[in-house]
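The values are calculated or read from the model by the stated rules, or taken from the named source; none is laboratory data. Everything numeric in this text was worked out from a predicted model, so none of it was measured. Note that each Cβ is placed from the backbone with ideal geometry, even for glycine, and that neighbours are counted across all protein chains shown.
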Amino acid sequence: MFDEFSKRSKAVRAALELAQHRDWGGITLADIAKQAGLDLADLRREFACKSDILRAFQMEVDAEVLGKVKQAGADQTVRDRLFDIIMTRFEVLGPFKPALKRIACYLRCRPGEASLLACSSLASQYWMLAGAGAKMGGPGAALRVTGLAVVYGRVFQVWLADSSPSLDKTMAALDRALSKGERTLANVEKACGVLCGLMPRGWKRKDGAQASPQPSAPPESGPSPAPNV
């Protein structure tokens, strides 16, 4: 997944290697640079902070998952494709589970630092939905992305604790969460449709409102009237 010759990839890989055995809060940027065989200046050119390194990891995972997505079958629903994509994501994340456990444990008690990953996490879910062929236009797109982020966040915690090779608990949790999310989204979209149907088609002018002034007719030809003295 990582480019062996890219300084950016070396730093991301080094950070995850350190996180396998150390608390994420105790790992410094200097530690990551040393583990990656880079100068601190090289690391600064690539990243702004440690959270930026995690965002880069998310992007690498997104690309790896999307590269593994197969063309959807004619009988596959968006929900089925989404299930496959998320399970593929957990497969890609598998080698990094020990590091992710420590990072997740650290961020769970530090919402301020965790919030720095909010935008990139939503972006990841946007791409997962796009890979599943979901509709990404209109006002419902933001609702779908946010809903999937909630689903993924809950199932991710189950995956972290799931030690079985077949990931049975993870698959069961994902299936339940997607089903619940699908019902919730359908109800919200139905409610929005009803509310939109009740909205007036246009606004009537209030009584007494002045009409927009009409342009005056051009004066008739002839001599101008004499001014008042």
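If you go through region 18-63, how many residues are of a type in the set (Gly, Ala, Ser) and farther than 20 Å from Cys105 by Cβ?
8
Residues being part of a helix (DSSP H, G or I) and of a type in the set (A, V, I, L, M, F, W, C): count how many of those fall in region 1-52.
16
Being of a type in the set (Gly, Ala, Ser) and outside any helix (DSSP H, G or I) is the filter here; which residues of region 71-121 pass it?
Ala72, Gly73, Ala74
Within region 147-174, which residues are in contact with a helix residue (DSSP H, G or I) (Cβ under 7 Å, 6 or more places away or on another chain) and of a type outside the set (A, V, I, L, M)?
Hits for region 147-174 are Gly147, Tyr152, Arg154, Trp159, Asp162, Lys169, Thr170.
Yes or no: region 42-58 includes at least one residue that is under 26 Å from Ala149 (Cβ atoms), at pLDDT below 95 and under 25 Å from the mean Cα position of the chain (by Cα).
no
Taking Phe47, is it closer than 23 Å to Leu122 by Cβ, of a type in the set (A, V, I, L, M, F, W, C) and either touching a Ser or Thr at 6+ places or on another chain (Cβ under 6 Å) or without any contact (Cβ under 8 Å) to a residue 40 or more places away in the chain (or both)?
Yes: the conditions hold for Phe47.
Just one of the numbered conditions (1) part of a helix (DSSP H, G or I); (2) over 27 Å from Leu122 (Cβ atoms) is not true of Arg55; which one?
The one condition Arg55 does not meet is (2).
Check whether at least one residue in region 70-92 is crowded, with 19+ Cβ neighbours inside 10 Å and among the small types (Gly, Ala, Ser), and report yes or no.
No, the conditions are met nowhere in region 70-92.
Restricting the first residue to region 105-117 and requiring it to be at positive phi, which pairs with a second residue that is in a loop (DSSP other than H, G, I, E, B) and of a type in the set (Gly, Ala, Ser) meet a Cβ separation below 9 Å and a spacing of at least six or different chains?
none
Quick check on my filter: what residues within region 159-185 are surrounded by fewer than 17 Cβ atoms within 10 Å (Cβ to Cβ) and closer than 18 Å to Arg89 by Cα?
Answer for region 159-185, where residues must be surrounded by fewer than 17 Cβ atoms within 10 Å (Cβ to Cβ) and closer than 18 Å to Arg89 by Cα: Ala161, Ser163, Ser164, Pro165, Ser166, Asp168, Lys169, Ala172, Asp175, Arg176.
Quick one: which residue in Val69, Val65 is modelled with pLDDT under 95, over 19 Å from Lys10 (Cβ atoms), among the β-branched types (Val, Ile, Thr) and touching a helix residue (DSSP H, G or I) at 6+ places or on another chain (Cβ under 9 Å)?
None of the other options fit; the residue is Val69.
Scan region 158-172 and report the pairs whose first residue is closer than 17 Å to Leu100 by Cα and whose second residue is of a type outside the set (Val, Ile, Thr) and in a loop (DSSP other than H, G, I, E, B), with Cβ atoms within less than 8 Å and a gap of 6+ or a chain change.
Pairs that qualify, where the first residue is closer than 17 Å to Leu100 by Cα and the partner is of a type outside the set (Val, Ile, Thr) and in a loop (DSSP other than H, G, I, E, B), are Trp159/Leu167; Thr170/Asp162.
Could we say that Val78 is modelled with pLDDT of 95 or more, closer than 23 Å to Ala130 by Cβ and touching a helix residue (DSSP H, G or I) at 6+ places or on another chain (Cβ under 9 Å) here?
No, not satisfied.
From Arg176, Arg154, Arg183, grab the single residue that is at pLDDT 90 or above, among the charged types (D, E, K, R) and closer than 27 Å to Asp75 by Cβ.
Unique residue meeting the criteria: Arg176.
Note down all Cβ pairs under 9 Å where the first residue falls in region 128-142 and is more than 11 Å from Val78 (Cβ to Cβ), the second is among the polar types (S, T, N, Q), and they're at least six residues apart or on different chains.
If the second residue must be among the polar types (S, T, N, Q), no pairs are left.
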